[in-house]
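Okay, so here's the structure we're looking at.
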Amino acid sequence: MNSDKTTHFGFETVKAEEKADRVREVFDSVASNYDIMNDLMSLGVHRLWKHVAIDLSAVRNGQHVLDLASGTGDLASRFAGLVGPEGRVVMSDINLAMLEEGRKRMVDAGHVGNVEYLQINAEEIPFPDNSFDCVTIGFGLRNVTDKDKALREMFRVIKPGGRVLVLEFSKPVNKPLEKIYDFYSFKALPLMGKLVAKDAESYRYLAESIRMHPDQETLKQMMQDAGFEHCDYHNLTGGVVAMHRGFKL
């Protein structure tokens, strides 16, 4: 990577080659409190957002699924049940601490035999072309340094007829909600991080990373540029979160 190339880390401008390590440090810090903070931050609504993603994925018995940025495995756990013993789920994350937390949770839930665990950078997916029926990334694309490259990689590894789903924070669709969301993100969220996870800075970064992420139409265009067809998106909770979907035909 060109050492002169820069990107954003929240609102901070950093060398592109440094971002992955900076993101890794954030999630090393929050891994042990990740599930508790997700419930607190979203008032539990993140479970409904993920339920929508599962429904739109149309994953069926016997299929192969790659879940990028799995975190503690909310999506991967559901997929493991849907694909059955004949199917395969690859649960992955760039952050080893998060992946280890997720693996413990998956084993505790009894998901064995059809689940693999791999530390993967979404920009360099280590699988051949046309390997998966479905690729998902939930609340992880905003942390990727080169999003266009990651989308091209996702397109490469899905089979013809397959689909990619990107569940991510996005832009609220009305001004009053946007103002409330800004106050919550930059005031309440770091305070919760400080009180619960003893880490205000990591949660301040998470809020900033959301604001730097492309809006709904921009991300849809990025997916089309990567080769996806029939791209669409579904706004959830007034656009606070959006579910993008694209197909490889």
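The values are calculated or read from the model by the stated rules, or taken from the named source; none is laboratory data. Nothing here was measured: the structure is a model prediction, and the numbers come from that model. Cβ atoms come from the backbone with ideal geometry, glycine included; neighbour counts cover every protein chain shown. The area values use the complete protein model at the heavy-atom level, side chains included, leaving out ligands, DNA and RNA. Shrake-Rupley method; radii C 1.70, N 1.55, O 1.52, S 1.80 Å.
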Being within 27 Å of residue 33 (Cβ to Cβ) and acidic (Asp, Glu) narrows it down to one of 199, 215, so name that one. 199
Residue check, residue 70 in contact with a Phe, Trp or Tyr (Cβ under 9 Å, 6 or more places away or on another chain), polar (S, T, N, Q) and under 17 Å from residue 104 (Cα atoms): yes
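Residues checked against (1) buried (at least 24 other Cβ atoms within 10 Å of the Cβ); (2) touching a His at 6+ places or on another chain (Cβ under 9 Å); (3) modelled with pLDDT of 95 or more; (4) not in a helix (DSSP H, G or I):
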position: 54; (1), (2), (3), (4): no, no, yes, no
position: 62; (1), (2), (3), (4): no, no, yes, yes
position: 65; (1), (2), (3), (4): yes, no, yes, yes
position: 71; (1), (2), (3), (4): yes, no, no, yes
position: 75; (1), (2), (3), (4): yes, no, yes, no
position: 78; (1), (2), (3), (4): no, yes, yes, no
position: 82; (1), (2), (3), (4): no, no, yes, no
position: 97; (1), (2), (3), (4): no, no, no, no
position: 100; (1), (2), (3), (4): no, no, no, no
Check whether at least one residue in segment 143-163 is among the hydroxyl-bearing types (Ser, Thr, Tyr) and open to solvent by less than 40 Å² (accessible area, probe 1.4 Å), and report yes or no. yes
Scope segment 104-135; condition under 17 Å from residue 151 (Cβ atoms), of a type in the set (Val, Ile, Thr) and either assigned to a strand (DSSP E or B) or open to solvent by 60 Å² or more (accessible area, probe 1.4 Å) (or both); matching residues: 135
Can you give me the ranges of the helices (runs of 4 or more DSSP H) entirely in segment 144-249 with at least 2 residues that are touching a Pro at 6+ places or on another chain (Cβ under 6 Å)? 175-183, 200-212
Restricting to segment 220-240, name every residue that is touching a helix residue (DSSP H, G or I) at 6+ places or on another chain (Cβ under 8 Å) and at negative phi. 222, 223, 225, 226, 228, 231, 232, 233, 234, 235, 236, 240
How many residues does segment 3-35 hold that are open to solvent by 50 Å² or more (accessible area, probe 1.4 Å) and not hydroxyl-bearing (Ser, Thr, Tyr)? 13
Within segment 39-52, take every residue that is farther than 26 Å from residue 232 by Cβ and part of a helix (DSSP H, G or I) and give me the one that is most open to solvent (accessible area, probe 1.4 Å). 40
Expected single match for open to solvent by less than 20 Å² (accessible area, probe 1.4 Å), farther than 30 Å from residue 152 by Cα and under 20 Å from the mean Cα position of the chain (by Cα) among 189, 206 is 189
Return the residues of segment 111-128 that are aliphatic (A, V, I, L, M) and touching a residue at least 12 places away in the same chain (Cβ under 8 Å); say none if nothing qualifies. 115, 118, 120, 122, 125
Before we move on, is residue 167 in contact with a Gly (Cβ under 8 Å, 6 or more places away or on another chain), within 24 Å of residue 23 (Cβ to Cβ) and hydrophobic (A, V, I, L, M, F, W, C)? yes
Pairs only if they're at least six apart or on different chains, beta carbon under 9 angstrom, first in segment 29-40 and in contact (Cβ under 8 Å) with a residue 60 or more places away in the chain, second among the aromatic types (Phe, Trp, Tyr); list them, first residue then second. 30/203; 34/27; 37/203
Selection within segment 149-199 - touching a residue at least 40 places away in the same chain (Cβ under 8 Å), farther than 30 Å from residue 129 by Cα and not charged (D, E, K, R): 172, 173, 174, 177, 181, 189, 192, 193, 196, 197
Within segment 134-187, residues under 19 Å from residue 70 (Cα atoms) and acidic (Asp, Glu) come out as 146, 153, 168
